[in-house]
Structures are given as structure tokens and as C-alpha cells.
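S.K.: Take a look at this one; I'll ask things after.
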Amino acid sequence: MKVTAVDYLSAENVFVVYFGAPHRVDFRALVRDLGGRLKARVELRQIGPRDEARLQGGIGPCGRDLCCATFLKDFEPVSVRMAKDQDLPVNPMRIAGACGRLMCCLKYEHPLYQDFRKDAPPIGSTVTSPDGPGTVIGHNVPSDTVVVKLSADGQARACPKASVCGSRKAYESMHGKAGKAAREDQ
């Protein structure tokens, strides 16, 4: 048993003890003893690892406060398939959160990766980028770009997904010809 938090409700004279344990535990005798010594009602509530991390708080691998401690209210199931779809290493140490379970952010970032892959050209395909023809060698989903190895000089360039996926006119109507002129100046 690992006690995570204790709340005292003075109006009702109740202590609520939140704890984590690997298995279901029966602490009825402990509750009676604590209640008698504290002269109050004692409730023990077993919580899971995600709720434990929520109550304790902390900093995640991204350097921000834990999502579960700040804005996540419901814990939806997270699968290893989501990590694979996001091209993350399937090393449990790299994709586990503070609670020891798969990181919650894998769940809410997954739709972004699915939408990107629907429209993006697959790796290895030949495309025409704003800098010329080339071959797709990578994707950068958070920045919505496709990495293209140019046929002319072999350099790798990150191009907006819209510039290599749709027609040239659609790209220029979205980003304007100023974007093209700025790239030519580089």
C-alpha cells in the first residue's frame, strides 16, 4: 500500500485516504483502527497508476506539467499501435509516462498523424516540390512538412505538405506567390 493523498472534510469529520497497490486489498481492520484513534470516519480509496500520477503531479518528458494533472479528465485506452503509427521507438522506457503506463499524449496526438498520412505522399514517392522535383525521404507531422531529397543537387528540403500533395495552383492560392519568391531568395 502506498498512500498518495489524504483529504479531510471537516464539515463531515471524514478522512479520505487515496492509495495505490498492485492488487485489490482489504483494509477493513485498518479502517476501524484509524477511525477509533482519529475519532472520525475514515475512507480508503484505491486508485490506479494514472490517477496516482494525476494527484502527485510532476513534469513529463516534454518538459511541461503532466497532462493528467493539468487538463486530462478522462483516461482513454492507449495502445502500442499508436506509438508505431507515430514512428516512435517501441521501447517501453521511451513511451511510458510518469505513471509507468503508455503516455496519454499518444492518444490525443494519434488523429493528427492519421490525418497527415491520409494526404501525404508516401516515403519513396517522386514529387514536385517548390524547389524542384525530388523523392520523399521523410515526414514531419507536427510541422506539417514533407522532407524531399531534390533530384538536381541531392539536398534534403522540408516542404509544406500542401506544396507537394496538391496541384501547384492550389498551393499558390493557399500560400501566395510570395512564399515561392522567399524560397528562391535563399
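S.K.: Quick check on this structure: which one of 182, 178, 156, 152 is over 32 Å from the mean Cα position of the chain (by Cα), among the hydrophobic types (A, V, I, L, M, F, W, C) and at pLDDT 85 or above?
M.R.: Result: 152 is the single residue among 182, 178, 156, 152 that is over 32 Å from the mean Cα position of the chain (by Cα), among the hydrophobic types (A, V, I, L, M, F, W, C) and at pLDDT 85 or above.
S.K.: A further question follows. Evaluate the following for residue 85: is it open to solvent by 50 Å² or more (accessible area, probe 1.4 Å) and free of Cβ contacts under 8 Å to residues at least 60 places away in the same chain?
M.R.: It is false that residue 85 is open to solvent by 50 Å² or more (accessible area, probe 1.4 Å) and free of Cβ contacts under 8 Å to residues at least 60 places away in the same chain.
S.K.: Another question, if that's okay. Among the residues of region 29-52, is there at least one that is open to solvent by less than 30 Å² (accessible area, probe 1.4 Å) and part of a strand (DSSP E or B)?
M.R.: yes
S.K.: Also, quick follow-up: Just checking, which of 131, 65, 144 is modelled with pLDDT under 85 and in contact with a strand residue (DSSP E or B) (Cβ under 7 Å, 6 or more places away or on another chain)?
M.R.: 131 is the lone residue from the list that is modelled with pLDDT under 85 and in contact with a strand residue (DSSP E or B) (Cβ under 7 Å, 6 or more places away or on another chain).
S.K.: Here is a further query. Of all residues in region 88-119, which are assigned to a helix (DSSP H, G or I), of a type outside the set (A, V, I, L, M) and either touching a Leu at 6+ places or on another chain (Cβ under 6 Å) or open to solvent by less than 40 Å² (accessible area, probe 1.4 Å) (or both)?
M.R.: 105, 110, 113, 116, listed by residue number.
The values are calculated or read from the model by the stated rules, or taken from the named source; none is laboratory data. Nothing here was measured: the structure is a model prediction, and the numbers come from that model. Note that each Cβ is placed from the backbone with ideal geometry, even for glycine, and that neighbours are counted across all protein chains shown. The area values use the complete protein model at the heavy-atom level, side chains included, leaving out ligands, DNA and RNA. Shrake-Rupley method; radii C 1.70, N 1.55, O 1.52, S 1.80 Å.
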